[in-house]
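Please treat every number below as a calculation from the coordinates, not as lab data. Because the structure is predicted, anything quoted here is derived from the model rather than measured. Every residue, glycine among them, receives a Cβ derived from its backbone with ideal geometry; neighbour counts consider all protein chains shown.
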Amino acid sequence: MDETPETAPGGRNGQNGQGDESGRAGRHPHHAREGRWTRFRKGPWWPASVLVVILAAAAGLFAGSYTYTMANPTPHQLPTAVVGSYEEARGKEFLAGLGKALNSSVRTHAYDSRAEAMEAIEEQSVFAVFELSDDGRKVLLDLSSASGASVAELLEQAAPAVGRATGVAVSVRDVNPLQDGDPRGLAIFYVSLAAVIIGFVGAIQLSVHARALTPLERIAFTVAYSLLGGFVIAAAVDWLLGALDLPFVESWSILALTMFASGMTFTMFNTLFGRWAMLPTWGVMILLGNPSSGGAVSWPLLPSALGVIGQWLPPGASVNAQHTAVYFAGHQHAFPFLVLAGWALVSCAVFWIWRHRHPGGRDKKPPELAPPADA
């Protein structure tokens with residue numbers, strides 16, 4: 001009687017059965033755990049788990065960075081101008097009392113005339129002018145809310161209190177007030193924030209939905225949405241809402257340059273770090289750049305290091321340029337434009353030099369469209 005392969009002692013099933021049993025019996029637990037870890041790393045749960053940790057850390061850092069810089073603003077250096085009888089005994093007593101009340105943060109710069117001091121306000125070198133008269137018994141405090149609403153509010157509260165304590169009559173007036181539609185001086189911060197966020201979100205969307213763009217086309221479309229987006233932001237804030245009376249062409253140019261610099265910064269990081277490009281972009285633009293921009297809290301009230309660093313990042317440069325354009329016409333500085341242009345040019349250069357590393361382009365097919373290896 002012929003034995004079938006299924007029942008033969010030396011048949012395939014018998015051998016495999018014994019081999020499987022012996023293999024399972026002899027398999028070390030370490031190898032089993034290693035196999036589970038490998039499957040986990042190659043499966044969809046691994047990137048999802050990494051994202052859970054990253055998002056939790058980002059939430060804490062986001063809340064911490066904004067709370068650290070904005071929740072309790074403390075004066076570190078308040079540059080002010082003094083003219084008149086500031087060398088008289090009563091004047092010295094008042095200025096010393098003001099410095100003590102503000103933790104010695106007031107830095108006074110003497111000017112020969114009131115006109116020179118007011119020019120320093122226009123140049124944003126000082127935030128207020130103390131004009132002392134009658135041998136230091138009277139003080140006229142000229143504030144500039146447009147220079148920094150939070151600083152002006154601080155001086156407006158501190159100076160009269162010190163005057164009462166030292167027997168000095170203090171009068172306060174605002175020589176450069178904020179616009180009616182922007183009573184807290186935050187509108188410029190909001191429009192700059194919009195330009196920064198939409199700038200890099202636009203680059204993200206191009207990477208997702210227009211993956212096949214060539215490097216030159218990617219730069220061109222970044223320019224296109226920056227120009228159109230900057231125009232719409234300025235039109236909405238000025239023409240539609242009337243919150244700010246903008247010097248339209250200049251403000252539009254600043255917003256467009258901000259969006260382009262932000263978008264190309266993400267493109268640069270996408271070239272260098274691939275799918276993790278959002279991490280450095282979020283860190284530079286949101287965690288560090290926006291709180292230290294001086295838009296929500298004036299730079300003299302920020303921690304010293306952040307006040308300096310923020311001016312070299314796109315959000316701070318955008319706020320500075322826009323703030324000067326709106327409130328200090330004719331006194332625009334080149335520095336914030338150089339910062340924005342520098343970020344844009346460096347990002348474009350890095351992207352262009354290492355463009356072969358960028359995940360987009362027409363010569364690169366998504367994994368699901370790639371031909372099988374056997375073909």
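One entry in [x] 23, 40, 21, 10, 5, 2, 0; [y] 28, 56, 17, 0; [z] 27, 54, 15, 4, 0 is P(r) over Cα pairs in 20 Å bins from 0, in percent calculated from the shown coordinates; its label is [x]. Subtracting the Cα-Cα distance of Val53 and Ser125 from their residue separation scaled by 0.36 nm leaves 21.5 nm. In terms of its alpha-carbon gyration tensor, region 78-174 comes out oblate; a/c meets the 1.5 threshold, while b/c is at least as large as a/b.
Shown is the FRET efficiency for Trp46 and His356, computed with R0 = 30 Å from the Cβ-Cβ distance and rounded to the nearest 0.05: 0.65. Compared with the alpha-carbon gap, the fully stretched path from Leu279 to Leu216 is longer by 20.2 nm at 0.36 nm per residue. Under 5 Å between amide hydrogens, built in the peptide plane, is the criterion, and for Val106 it picks out Leu78 among residues at least 5 positions away or on other chains.
In this structure, Ser133 and Leu61 have a Cβ-Cβ separation that, at R0 = 45 Å, corresponds to a calculated FRET efficiency of about 0.35. Label-to-label distance, Val223 versus Ala161, with points set 7 angstrom from Cα along the beta-carbon direction: 5.4 nm. Cβ crowding within 10 Å ranks Lys42, Lys100, Lys138, Lys92 as Lys42, Lys100, Lys92, Lys138, fewest other Cβ atoms first. When Ile353, Ile121, Ile197, Ile188 are arranged by Cβ crowding within 10 Å, least crowded first, meaning fewest neighbours, the order is Ile353, Ile197, Ile121, Ile188. For Ala81, the residues whose modelled amide H falls within less than 5 Å of its own, excluding neighbours fewer than 5 places apart on the same chain, are His109, Phe127, Ala128, Val129, Phe130. Sparse packing (at most 16 other Cβ atoms within 10 Å of the Cβ) combined with a DSSP loop state is found for the following GluC sites (Glu not before Pro) in region 83-131: Glu87, Glu88, Glu123. Cβ crowding within 10 Å ranks Thr80, Thr108, Thr265, Thr166 as Thr108, Thr166, Thr80, Thr265, fewest other Cβ atoms first.
Counting Lys and Arg as +1 and Asp and Glu as -1, what is the net charge of the other residues whose Cβ lies under 10 Å from the Cβ of Ser144?
With Lys, Arg at +1 and Asp, Glu at -1, the neighbours total -3.
Dividing the helix sum by the residues of the chain, where each DSSP H run of 4 or more adds -39500 (n - 2.57), gives a mean residue ellipticity at 222 nm of -18000 deg cm²/dmol. Among Ser304, Ser147, Ser192, the residue with the largest mean-square fluctuation in a Gaussian network model of the chain, with springs joining Cα atoms closer than 10 Å, is Ser304. Here the Gaussian network model covers the chain, with springs between Cα atoms less than 10 Å apart; of Thr38, Thr74, Thr267, Thr38 fluctuates the most. Available extension along the chain between Asp112 and Leu345 is 79.6 nm, counting 0.36 nm per residue and deducting the alpha carbon span.
For the pair region 130-185 and region 48-65, the centres of their Cα atoms are 42 angstrom apart.
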